[in-house]
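The values are calculated or read from the model by the stated rules, or taken from the named source; none is laboratory data. Everything numeric in this text was worked out from a predicted model, so none of it was measured. Here the Cβ is made from the backbone with ideal geometry for all residues, glycine too, and neighbour counts use every protein chain on show. With ligands, DNA and RNA removed, areas are computed over all heavy atoms of the protein, side chains included. Shrake-Rupley method; radii C 1.70, N 1.55, O 1.52, S 1.80 Å.
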Amino acid sequence: MPQKLHYLAETPSQTAGPYVHIGLAPGAAGFDIYRQELGWDIAGPDAKGERIRVEGIVMDGTGSPVKDVMLEVWQANADGFYAHPEGGGDVEDGFSGWGRVITDFETGEWGFDTVKPGPTTGRDSTRQAPHLNFWIVARGINIGLNTRLYFEDEPEANAKDPVLNLIEWERRRATLLAKKSERDGKTVYRFDIKLQGEDETVFFDV
Amino acid sequence: MLKPGEFYQRNRERHPPALTRDYKTSVSRSPQYSLISLQNSVSETTGPVFGHNDIDPMDRDLIYNYAQSGESAIGERIILHGRILDENARPIPNTLVEIWQANAGGRYRHKKDTYLAPIDPNFGGCGRTLTDENGYYYFRTVKPGAYPWRNWVNNWRPAHVHMSIFGTAFCQRLITQCYFEGDPLIPECPIVKTIPDPEAIEQLIAKLDMNATIPLDTIAYKFDVVLRGRRSTLFENRLEGN
């Protein structure tokens, strides 16, 4: 008699729908219910490293902004450690490394403040270039999309990054590079995400 | 000692594909290139950790968490409960579970929802909780109503509760929807039908749970959620780079 393997199967995903804000950002849906919403402060007041702002827009296949998208970000601190028991080392008090971001309903623009992460340990003794991990959900997205933001001003680290180097088409790697600028003395990185079409952003099966 | 290792690869055949033509919004929001498959690094095997300072015990009670003093939400009173497990059938303790839903009339408290069913002044429509040491969670709420939506002219969503779950790693992150046993709208729904595997759809249908029902008070539905499991490191697979 054959032996059976008793694994459970992962619960299937369903779209977050147009009203994701009610559950995950109720203030944006138009009401105040919780003592505090989660994910608005990524770095905390005591984090080391360079303070940066990250901004962008998510575009659909017609080139229109996706105004009901929600993004989550997960990042290491300036030392390259994640705020997790297996994250590589201690992080500053108040550093969570996790953020939740929604767009302006009129324009589709989103943005958040954080610190620039350091390089992290990769597989097989490699170093991963500084990056932010994104998870993107919205109406019309059946299963959350994973991607990464890399920094255009880290060309040497990016050239050695094991994940960027997995992308066979060099020109597609550029879709993961955030563009640097300055505004009011503050560093701003622009990261536009294209769900579909010309220069479609690289998404990962993690 | 066995160390926790990489996560099992996600079986994409149990999930909806990105492009599902009968759910029209997916057509322009679905990537056309293949996903690039990554082996886990520390960026995927870690994820945010939440604690009891982040949320309040009342957050799990949708009948009262937005109600005026002495009042409560209108609708069929239900307990929605279950366990968050991984594919190895191990409970996932202390993980954040968040839900949101329409009220008993099928109306969402959202500035973008214009359906003619009325807002319930005592119902917000969201809740959150942490699983206990056995991976168990529970909410009290009202059963949401079905509602029409623009896809084809006459599409109705079955009663459903949206659920967001974290697990312990960013690669386990999941948002899904919980339906209710016996709802005839389930097999009609283009969003349900984005999932190609009928057995996987069955996993999204909460079952009437008479044993958890509170007599003369509240009916109960059970909804277990399974997140990705991970293997143990038997031989060094160099995930940590040493």
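Other protein chain C-beta atoms within 10 Å of residue C-beta, averaged over B:188-199: 2. When the helices of the protein assembly as shown are scored as -39500 (n - 2.57) per DSSP H run of n ≥ 4 and the total is divided over every residue, the value at 222 nm lands at -1000 deg cm²/dmol. In units of the compact-protein estimate 2.2 N^0.38 Å, chain B shows a Cα radius of gyration of 1.10.
Here each label is just a point 7 Å from Cα along the line to Cβ, and for A:Arg51 and A:Arg127 those points are 2.7 nm apart. Restricting the chymotrypsin sites (Phe, Trp or Tyr not before Pro) of the range A:81-141 to loop positions (DSSP other than H, G, I, E, B) with no more than 13 neighbouring Cβ atoms within 10 Å leaves A:Phe105. Each peptide in B:38-45, B:116-123 receives the mean, over its residues, of other Cβ atoms within 10 Å, and ordering these scores from highest gives B:38-45, B:116-123. Between B:Thr213 and A:Lys4, the distance separating the two model label sites (each 7 Å from Cα on the Cα→Cβ line) works out to 2.9 nm. Among the chymotrypsin sites (Phe, Trp or Tyr not before Pro) within the range B:148-242, those in coil by DSSP and having at most 11 neighbouring Cβ atoms inside 10 Å are B:Trp152, B:Phe235. Highest GNM mean-square fluctuation among B:Gln203, B:Gln177, B:Gln68, for chain B modelled with Cα contacts below 10 Å: B:Gln68.
Do the alpha carbons of any pairs in A:Lys4/B:Lys24; A:Lys4/B:Lys207; A:Lys179/B:Lys3; A:Lys160/B:Lys193 sit beyond 31 Å of each other, and which pairs? In this structure, A:Lys4/B:Lys24; A:Lys179/B:Lys3; A:Lys160/B:Lys193 lie more than 31 Å apart at Cα. In summary, the convex hull built on the alpha carbon positions of the range A:62-108 has an orientation-averaged projected area of 4.8 nm². Under the combined filter of DSSP loop state and at most 14 neighbouring Cβ atoms within 10 Å, the range A:145-206 retains these chymotrypsin sites (Phe, Trp or Tyr not before Pro): A:Trp169. Evaluated at q = 0.08, 0.09, 0.12 Å⁻¹, a Debye calculation over the C-alpha positions of the protein assembly as shown (equal weights, vacuum) places log10 I(q)/I(0) at -0.44, -0.57, -1.04. Remark: the B:Ala89-B:Tyr8 segment gains 27.8 nm on full extension, using 0.36 nm per residue and subtracting the alpha carbon distance. Legend: residues A:Ile102, B:Ile92, B:Ile74, sorted from most to least accessible area (1.4 Å probe; ligands, DNA and RNA excluded), read B:Ile74, A:Ile102, B:Ile92.
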